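The structure appears below as structure tokens.
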Amino acid sequence: MTAPTAPADLSRLCLHTITTKPWAIETAAAKFASAGVKGITVWRDTLVGRDIPATGRMLRDHGLSVVSLCRGGFFPAATPRDRAQALDDNRRAIAEAHALGAPQVVLVCGALPGQSLPESRKQIAEGIAALLPECQSSGVRLAIEPLHPMYADSRSAVNTLGQANDMAESLNSPHVGVAVDVYHLWWDPTLEREIARCGRLGALFAFHMSDWRTPTVDFLNDRGLMGEGCIPIGQIRSWVESAGFTGFHEVEIFSNRLWATDQDVFLGNIVQAYLAHG
Ligand code: ZN
């Protein structure tokens, strides 16, 4: 197999607002655009108290494509009442995505300590199925994001791309697909095969990148900049592209270490790291 080539330019580079968490969304939009970034994935916390349609227009006025809204999900819960509340929050997320002009909501599907993983997966699938009417009326899609198994206790009972593909396949809706994040999936020996399958299903909705540091000092907030860790990002990107994916390459980094640095310098480093290792 030929070695993957680095991205040629920034035309497919998207940043998540949480990557530069210290910046308000207006600041992020202006800085991303002036750095040549073309896409933005918006985290819902940045929209609190804002006029969402006006925020969407502001982003597009900067020349940014709104790639995704993060995030919905967290379907499993101990009682029907709590599961209904989770559905209501997901309906709000779909409405926010529609108002913002984001084509899809990324799902961190949820899990419940003490509840079996198969039961949580059943509740996740039922939850997504219950949202399909809102997806159909709004046009907003849902992207199931499998999370690394270290989060199987409380953040997601969907931990492999195979499980996410199974769920998307059985839900069998053009509004349900998968977000492939290298941080969560790089270790999986079936990854190349499952990425190809995801493409055949027409379900490859998003591609997220960051890197895995050794040692990782915080399970949530110690992701690395591309090139700082051991993930073969370019190889995984080549598999995603071989599967027919033509969307954005989304840089999604949660890092207490990097959030504490000068965010203008960090943004410049992200662009350079993307061109070298993305
Ligand atoms: Zn992700």
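Normalising the average separation of contacting C-alpha pairs (under 8 angstrom, six or more residues apart) by the number of residues puts the relative contact order of the chain at 19 percent. The stretch between Met150 and Trp187, if pulled fully straight at 0.36 nm per residue, gains 12.1 nm over its current Cα-Cα span. Within the shell of other residues whose beta carbon sits under 10 angstrom from the beta carbon of His148, the net charge comes to -1, with Lys and Arg scored +1 and Asp and Glu -1.
Scanning the chain for DSSP H helices at least 27 Å long along the axis (C-alpha atoms) with a Kyte-Doolittle mean no lower than -0.5 picks out 117-138. For the chain, carbon and sulfur atoms together expose 54% of the accessible surface, with a 1.4 angstrom probe and every protein chain in place.
Out of the DSSP beta bridges found with both residues in the chain, what percent are antiparallel (nearest 5)? Around 5 percent antiparallel, to the nearest 5. The modelled label-to-label distance between Arg60 and Glu26, using points 7 Å beyond Cα along the C-beta direction, is 2.0 nm.
Given +1 at the Cβ of Lys and Arg, -1 at the Cβ of Asp and Glu and no other charges, the dipole of region 13-277 around its Cα centre is 320 debye to the nearest 20.
When region 13-277 is described by a simple charge dipole with +1 on each Lys and Arg Cβ and -1 on each Asp and Glu Cβ, the residue from Ser137, Gly162, Ser120 located farthest towards its positive end is Ser137. Full extension of the chain between Thr261 and Asp89 gives 58.6 nm of extra length, using 0.36 nm per residue less the Cα-Cα distance.
Ranking of Asp222, Asp89 by solvent-accessible surface, largest first: Asp89, Asp222 (1.4 Å probe, protein heavy atoms only, all chains present). Computed packing ranks the peptides 91-101, 126-136 as 91-101, 126-136, most packed first, by mean other Cβ atoms within 10 Å. Local charge for Pro22 was computed over the other residues whose Cβ lies under 12 Å away, with Lys and Arg +1 and Asp and Glu -1, and equals 0. Ranking Ala86, His175, Trp259 by Cα position along the charge dipole of the chain, where only Lys, Arg, Asp and Glu carry charges on their C-beta atoms, puts His175 farthest toward the positive end. Approximating the spin labels as points 7 Å out from Cα along Cα→Cβ, the Glu119-to-Ser242 distance works out to 4.1 nm. Maximal additional length on extending the Ala196-Glu126 stretch stands at 22.6 nm, based on 0.36 nm per residue less the C-alpha distance.
Over the chain, dividing the summed -39,500 (n - 2.57) contributions of all DSSP H runs of at least 4 residues by the number of residues returns a 222 nm mean residue ellipticity of -13000 deg cm²/dmol. Taking label points 7 Å from Cα along the Cα-to-Cβ direction, Asp9 and Asp45 give a separation of 3.5 nm. Local charge for Cys135 was computed over the other residues whose Cβ lies under 12 Å away, with Lys and Arg +1 and Asp and Glu -1, and equals +1.
The values are calculated or read from the model by the stated rules, or taken from the named source; none is laboratory data. Quantities reported herein were computed from a predicted structural model and do not represent experimental measurements. Cβ sites come from the backbone with ideal geometry, for glycine too, and all protein chains shown count toward neighbours. Just so you know, the surface numbers come from the protein's heavy atoms only, side chains and all, with ligands and any DNA or RNA stripped out. Shrake-Rupley method; radii C 1.70, N 1.55, O 1.52, S 1.80 Å.
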